[in-house]
Amino acid sequence: MPCDTGMEMQPDFAALRERMVREQLMGRDITDPRVLEAMRRVPRHKFVPPELQAAAYRDTPLPIGSNQTISQPYIVAFMTQLLELKPTDVVLEIGTGSGYQTAILCELARFVYSLERYPALAERAAAVLDELGYENVELHIGDGSQGLPDMAPFDAILVTAAAPVIPGPLRAQLADGGRMVLPIGDDQGQSLQRVRRIGDQWKIEDHIPVMFVLLYGKHGFTPPDDPQPEHEEVEPPQDEDDEDDED
């Protein structure tokens, strides 16, 4: 008879991740080889609560706290593919959330600035990204609709919350030749758009219907009850042995 050790078997996350790429991404319209390889490498289950890790590679969004979600794998890959990232690009992400999309961007770009409204989410994301060894990323807490003007311009901007219109500050922070991908709409319906800047011209493309949480802030929707967040940079957690070191 098999021995009951009292320990639950861990899912084969590598096999689940490969199946996700093969069936959910390649089986649809994700064709960019760099995006596919990034989706193969990043351990999505690390970015969701422990009780949801077994469901991390399913074709569905999952809750991560603060009334926010981690997008389904296909949407992450589709939005990333629309950005057409190059290894030299500097990217601004609006809405760090779990940090999973951030990690995908880190795999593909030279540097990623990520801005999150909710401190608890930013701190958890920073801890996971640090654990996984990502160094080409800087997390900030603040109003995502205002972007990060001090770090602009950006080669690409990815917004993971829906705005009523394209926020003016994000337009201004997009470099010439840059691409911005974001959902536009409200809590009743949204369209995923790609915005290209060519000099003073803007090319806007509608892609697929989506449903994201709303982008709250000065250039987004009015928050229902919480105050405007103050901007601050999120430091990755330090090991106890390093806290007293002085270099």
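Couplings 3J(HN,Hα) for the range 81-87, derived from phi with the Karplus relation 6.51 cos²θ - 1.76 cosθ + 1.60 (θ = phi - 60°), are 4, 5, 6, 6, 6, 10, x Hz, where x marks Gly and Pro.
Residue-wise HN-Hα couplings along the range 170-182, as the Karplus relation 6.51 cos²θ - 1.76 cosθ + 1.60 with θ = phi - 60° gives them from phi, are 6, 4, 5, 8, 8, 5, 4, x, x, 10, 10, 10, 7 Hz; Gly and Pro carry x. Close amide H partners of Lys218, meaning residues 5 or more places away or on another chain with modelled amide H under 5 Å apart, are Ser145. Rounded to the nearest Hz, the phi-derived 3J(HN,Hα) couplings of the range 145-162 under the Karplus curve 6.51 cos²θ - 1.76 cosθ + 1.60 (θ = phi - 60°) are 5, 9, x, 10, x, 5, 9, 6, x, 10, 6, 8, 10, 10, 10, 10, 8, 7, where x marks glycine and proline.
With a cut-off of 14 Å between beta carbons, the residues surrounding Asp200 carry a summed charge of +3, where Lys and Arg count +1 and Asp and Glu -1. Near Leu62, the amide H atoms lying under 5 Å from its own belong to Ile70; only residues 5 or more places off or on other chains count, and H is placed 1.01 Å from N.
For Gly178, the residues 5 or more places off, or on other chains, whose built amide H falls under 5 Å of its own are Arg197. Comparing the chain with the 2.2 N^0.38 Å rule of thumb, its C-alpha radius of gyration ratio is 1.03 (two decimals).
Every read-out reported here was derived from the displayed coordinates using simple, explicitly stated rules and does not represent laboratory data. Source: prediction; values computed, not measured. In this analysis, Cβ positions are derived from the backbone assuming ideal geometry, glycine residues included, and neighbour counts consider all displayed protein chains.
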